[in-house]
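Remarks on the structure that follows.
The values are calculated or read from the model by the stated rules, or taken from the named source; none is laboratory data. The structure displayed is predicted, hence computed values, not measured ones. Virtual Cβ from ideal backbone geometry, glycine too; neighbours counted across all protein chains shown.
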Amino acid sequence: MLTHHTENSIALDIPFRGARDYAHSTDIFSALDNLAGRFLAPRAYVKSMTLRRKVQRQIAVQFMPHPEAFGTFTLALPNQTLEGWMIERGTPITRRVAFDENAIAREALVEPGRVFLTASLKGYSGFEQMIVLFKLLCTQSHPGNWLFTAIDLDRPLTAAAAIGVNRTQTVLDRLVDAALWQGGEPVGRAQMVMADGKDGRWA
């Protein structure tokens with residue numbers, strides 16, 4: 001959701017999700033997706049998003065580099081891309097939304113190096129479904145506090161087709177790289193990392 005924007009930045013309205021005390025990747029991705037449709041074109045989508053640490057306050061985005069940016073993103077059309085940077089603002093997060101990720105996990109089929117759905121789940125975005133599947137995939141390496149850090153899409157994720165994630169690489173048991181599939185076709189790749197638990201930055 002968008003709130004307002006100035007000449008240099010656009011303020012997002014991000015809630016806390018479930019019992020979390022930080023802005024969740026699903027809500028950041030959703031806000032950027034809305035931004036793409038409103039400020040680029042209705043058919044624009046989030047091609048990439050990278051997060052480097054947790055944030056606990058509201059977020060602003062701008063389309064020029066910023067030294068305090070905690071993440072970056074790219075909005076895309078078939079023949080056009082627009083790069084952006086995300087900055088943590090001083091405004092507190094006051095909204096909270098529910099998120100029953102177990103509803104997705106219960107439907108997931110888990111195989112060595114692969115987790116997938118046989119059908120999409122109503123009420124959940126493609127990104128929400130992917131995140132839950134990816135966490136299940138990461139716990140095959142070992143249990144822990146796995147957190148999303150990056151996604152790079154070849155085309156938009158949808159809520160209408162079944163999603164799967166296949167592990168392609170594990171680095172030092174701290175980073176998992178996965179190929180994303182939707183509707184039986186490759187759609188991109190994503191990464192999760194183990195949080196170090198010290199300052200909200202990824203390990």
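Hey, G71 hits all of (1) modelled with pLDDT of 95 or more; (2) touching a Gly at 6+ places or on another chain (Cβ under 7 Å) but one; which does it fall short on?
Here G71 meets the rest and fails (2).
Check whether at least one residue in the stretch 125-139 is of a type in the set (K, R) and outside the structural domain of R20 (by TED's automatic domain parsing), and report yes or no.
Quick first cut of the stretch 125-139, residues of a type in the set (K, R) only: 135.
This time we only want the ones that are outside the structural domain of R20 (by TED's automatic domain parsing), so: 135.
Checked against the condition, which is being of a type in the set (K, R) and outside the structural domain of R20 (by TED's automatic domain parsing), the stretch 125-139 yields at least one hit.
Checking E107 against (1) in a strand (DSSP E or B); (2) more than 22 Å from T149 (Cβ to Cβ): exactly one of these is not met. Which one?
Going through the list (1) in a strand (DSSP E or B); (2) more than 22 Å from T149 (Cβ to Cβ), E107 breaks only (1).
Pairs needed: first member in the stretch 43-63, part of a strand (DSSP E or B); second member anywhere, buried (at least 19 other Cβ atoms within 10 Å of the Cβ) and among the hydroxyl-bearing types (S, T, Y); C-beta distance under 6 Å; at least 6 residues apart or different chains.
L51/T149; A60/S9; Q62/S9
Restricting to the stretch 76-121, count the residues that are basic (K, R) and without any contact (Cβ under 8 Å) to a residue 24 or more places away in the chain.
Looking only at that region, the number is 1.
Between a residue in the stretch 1-22 that is at pLDDT below 85 and any residue that is among the small types (G, A, S) and part of a strand (DSSP E or B), which pairs come within a Cβ distance under 7 Å, given they are 6 or more apart or on different chains?
Note: pairs meeting the criteria are T3/A11; H4/A11; H5/A11.
Out of the residues in the stretch 68-104 meeting the condition of being surrounded by fewer than 16 Cβ atoms within 10 Å (Cβ to Cβ), of a type in the set (V, I, T) and over 15 Å from M49 (Cβ atoms), tell me which one is nearest to the chain's Cα centre (by Cα).
V97
Restricting attention to the stretch 165-181, which residues are in contact (Cβ under 8 Å) with a residue 24 or more places away in the chain and small (G, A, S)?
Residue satisfying the conditions is A178 alone.
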